[in-house]
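Shown next, in structure tokens, is the structure this report addresses.
The values are calculated or read from the model by the stated rules, or taken from the named source; none is laboratory data. In this text, all values refer to a predicted model and were calculated from it rather than measured experimentally. Don't worry about glycine lacking a Cβ; one is built from the backbone with ideal geometry, like all the others, and counts go over all protein chains shown. With ligands, DNA and RNA removed, areas are computed over all heavy atoms of the protein, side chains included. Shrake-Rupley method; radii C 1.70, N 1.55, O 1.52, S 1.80 Å.
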Amino acid sequence: MNTFISKLYIRTNSLNEEKICVGLYAVSESFVHFDFSKRKLHWMRPFLEKDVLNSLERNLKSLRKEIRDLEKDSGIFRSEWKNRFLSPGHFNYLNTYSAGLMAIDKPHPIALELNLDSYLQLFRTYVDEGSDSISAEKKPSFKRHFSECLKRPEFDRIDKEYTLSPKFINSIYLEHKVDFIGKNGALLAGFSIDFNTEAHTIERHLIEFASISRGLNDFSKLHKMKGGNYYAFFSEPSGKEARSLLDRARADHSKGFELREIDYLDVLAPHLEREEFSKFSAFVNSLEPGR
């Protein structure tokens, strides 16, 4: 299947074919999405009766729900539904024969990897750049979700948002933050990486944490501690390039840390309490002269 977008229009005047773009389809092999601008619908109040406008909004919400249900499905139904209703041929058919209030644009091929971020950029370009343009509820960001997980009381036993200094970690030349770090005779550190960002940014963070992990290992050996555990946390990416990058990182056994999905924090939390972890900062402070 080609990667393409198709715009959804609402006709405001049947005599002169005046129409306004209110929605956007985006389709690729690995990504299917649709949303509409509630804000633009409200602009149409002077042109459409209230009952017609309410019915139109209900239909668009139903259409959006169908597409989102399809996104969650990975079986035969998804494949058949996409081939039947989300093919370029079907959009060409709708463009040719659609009549009435709604109109579908011809499918436009795009040379862009589709994911939620790129969809939002396309939506702002072709549909509505207003701050409240997308009527769908925004998904919580990966970083926000990660921060919420760290609010569990078990993580208060260790340092959160801790800044490592090159004074103690020999593999870094500037200060670097980790999301958490603790000690119980061995070190434990966590670092969050958002795999739905740009590929070079993801790679930079992977390399950064690999360097940090090597330095923490050297620190452990210097202070006669057991080997530590270093985890980079992620959520499953939507983009093809990011998934490929994740697969390569998983296959690299020399990186010095483990990749774990964000749900693994639920496993770590009771471990921190059971194994009596304490703050890394307290140990580092004890190494400072005069303390």
Over region 190-288, with neighbouring protein chains present, the accessible area per residue in Å² at probe 1.4 Å is 52 Å²
Of all lysine pairs in region 167-291 that are eight or more residues apart or on different chains, those with Cα atoms under 29 Å apart total 26
With region 1-66 reduced to its Cα atoms and the Debye formula applied, log10 I(q)/I(0) at q = 0.13, 0.27 1/Å amounts to -0.41, -1.21
Region 142-287, convex hull of Cα, quarter of hull surface, nm² -> 8.3 nm²
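Keeping all protein chains in place and using 1.4 angstrom, which order do 40, 160 fall into by accessible surface area, from largest down?
On the way: 40 25, 160 75 Å².
If we order 40, 160 from most to least accessible, we get 160, 40.
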For residue 226 the rounded accessible area (nearest 10 Å², probe 1.4 Å, non-protein molecules ignored) is 140 Å²
Rounded to a whole %, the carbon-and-sulfur portion of the accessible area of region 142-287 at a 1.4 Å probe is 50 percent
Among beta bridges assigned by DSSP with both residues in region 154-240, the antiparallel ones amount in percent, to the nearest 5, to 60 percent
One would report the Cα pair-distance distribution of region 156-231, bin width 10 Å, in %, as 19, 52, 25, 4
Simple SL model, points at 7 angstrom along Cα→Cβ for residue 285 and residue 141; separation in nm is 3.1 nm
Note, residue 157: beta-carbon cut-off 12 Å, +1 each Lys/Arg, -1 each Asp/Glu, net -1
